[in-house]
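**Q** Can you keep this structure in mind? I'll have questions shortly.
The numbers here are math on the coordinates, done by the rules we state, and not lab data. All values derive from a computational prediction rather than experimental measurement. Using ideal geometry, Cβ is built from the backbone for each residue, glycine included, and neighbour counts are taken over all protein chains shown.
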Amino acid sequence: MVHFAARLKPHTLVRMMFEKLKVLEETFNCALRDGDSEAELANIKAQFLGRKGKLAAILKALGQMPMEERRELGRAANDLKNRLLRKWVDARADIEKISIDKKLKENWIDISLRERDRAGRVWEAGLHPVTIVQRELEDIFLSMGFDILDGPHIEDDFHNFTALNIPESHPARDMQDTFWFKDLKHLLRTHTSTIQIRGMKQKIKPPFRFVGPGKVFRCEAIDASHEAVFHQMEGMLIGRSITVANLIYFEKVLLNEIFGKEVEIRLRPGFFPFVEPGFELDIACLICHGSGCRVCKGSGWVELLPCGMTHPNVLKHGGIDPDEYNGFAFGLGLDRLVMMRYGIDDVRLIHSGNIDFSKQFAV
């Protein structure tokens, strides 16, 4: 038996095949318009473009065509396949967008709304206590005419030691007290005093005043009042005819602003290479109120604010003439300040990452 297609003239067969391709595209377009889900689109793709789909059947029939007509129809069929596939991909993207928009509408939350305007429970969030205190301090210093500066965590020997009048023999330079890099020229800064040198060079000409908050790093034995990573805020005021009396008055005003009340302080001599004379300013322990605890190590006092008159050598390294200008510098221990402020008896809690601890400070 001779197949019906074999009895048709070649040009008639070609015309029929082109007609089939045209009808296939029209049918595909209708199906695509009616498809409104990803499942329906998957069925359409299998029905028209799958290995056993309608287009595959037409391509299979090309084997009965003469070589010249087969090339022409093959190109047309492949062009159609690519065209249908692009339409299918666009349709799927439209359905996915509709699905996403629907989900967003159903689960929509405006984070700018106040809690009472929202439906459902809203979890409280809050800043870390160190961040809270640091920002409050920055506001206080800004109100007193200070600028806020910053400096790098990774420092060189010059800015961390030499420029601050710390000699080669000073124990702070030892490997067991400082985190040095392998080149032994760079280190993790051991204090925010490094900002003093950069700040003086940035300001160029006195009078000026600035503070620099940030993290510092030391090889400390960790206990209730010491951590290897902690926070300081360094400050400096440079002008003419600055005295120790100016320093003491400034620190009393500062502490009263910080705690919102008058706190008991004591000033005692202290040695710091970058100031002369140097002082240790302690406050009466607000944890035990002077009776003795592990934070104040039973003394009733907490070291909070080392300070002093800026050493002439430090001024020289900052490009300031010590015969014309002088001033004072101070360093606040932010972690200890947080402990005093909130009655925290172990500094390790501040750095623990414990959510139950931190969420107490949510506002």
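**Q** Any chance you could give the angle, 0 to 90 degrees and rounded to 10, that helix 129-143 forms with the longest Cα principal axis of the chain?
**A** 60 degrees
**Q** Can I ask one more? Could you work out the local net charge near PRO277, counting Lys and Arg as +1, Asp and Glu as -1, over the other residues with Cβ closer than 15 Å to its Cβ?
**A** -2
**Q** Something else about it: Please work out the FRET efficiency for the pair ALA42 and ASP147, using the Cβ-Cβ distance as r and a Förster radius of 51 Å; give the result to the nearest 0.05.
**A** It comes to 0.20.
**Q** Let me ask something else about it. Regarding region 31-81, what's the average projected area of the Cα-atom convex hull, expressed in nm²?
**A** Its average projected convex-hull area is 3.8 nm².
**Q** Between LYS52 and LEU85, what is 0.36 nm times their sequence separation minus the Cα-Cα distance? Round to one decimal in nm.
**A** That pair, LYS52 and LEU85, stretches by 10.3 nm at full extension.
**Q** Let me ask something else. Kindly write out, for region 198-215 in residue order, the coupling ³J(HN,Hα) from the Karplus curve 6.51 cos²θ - 1.76 cosθ + 1.60 (θ = phi - 60°), rounded to whole Hz, with x marking Gly and Pro.
**A** My calculation for region 198-215 gives 5, x, 5, 5, 6, 6, 6, 10, x, x, 7, 8, 7, 10, x, x, x, 7 Hz in order.
**Q** Let me ask another. Under the rule of -39500 (n - 2.57) per DSSP H run of 4 or more residues, summed and divided by the residues of the chain, what mean residue ellipticity at 222 nm is obtained, to the nearest 500 deg cm²/dmol?
**A** -13500 deg cm²/dmol
**Q** Once each part is reduced to its C-alpha centroid, what is the distance from region 211-264 to region 153-208 in angstrom?
**A** Going from one Cα centre to the other spans 18 Å.
**Q** Measure nothing fancy, just the Cα-based angle from helix 244-259's long axis to the longest principal axis of the chain, in degrees from 0 to 90, nearest 10.
**A** 50 degrees
**Q** Quick check: net charge around ALA31, other residues with Cβ under 12 Å of its Cβ, Lys/Arg +1 and Asp/Glu -1?
**A** The answer is -1.
**Q** A follow-up question, please. Within a Cβ distance under 11 Å of ILE287, other residues only, what is the Lys/Arg minus Asp/Glu net charge?
**A** +1
**Q** Now for a different question. Bin width 20 Å, origin at 0, all Cα-Cα pairs of the chain: what percent of pairs per bin?
**A** Calculated P(r), rounded to whole percents: 22, 32, 12, 17, 14, 3, 0.
**Q** Further question: Between region 17-80 and region 284-363, what is the separation of their alpha carbon centroids in Å?
**A** Using only Cα atoms, the two centres lie 78 Å from each other.
**Q** Taking a Cβ-Cβ separation under 4.7 Å as the criterion for a possible partner, which cysteines of the chain have none?
**A** By the Cβ distance rule, which asks for a partner under 4.7 Å, the isolated cysteines are CYS30, CYS219, CYS307.
**Q** In µm²/s, what is D for region 4-106 at 4 °C and 1.567 mPa s, where D = kT/(6 pi eta Rh) by Stokes-Einstein and Rh is the Kirkwood radius from Cα pairs?
**A** Answer, rounded: 86 µm²/s.
**Q** Turning to a different aspect of this structure: What list of ³J(HN,Hα) values in whole Hz, one per residue of region 351-361 in order, does the Karplus curve 6.51 cos²θ - 1.76 cosθ + 1.60 (θ = phi - 60°) give from phi, with Gly and Pro shown as x?
**A** For region 351-361, the Karplus curve yields 9, 6, x, 6, 5, 4, 6, 5, 6, 5, 9 Hz.
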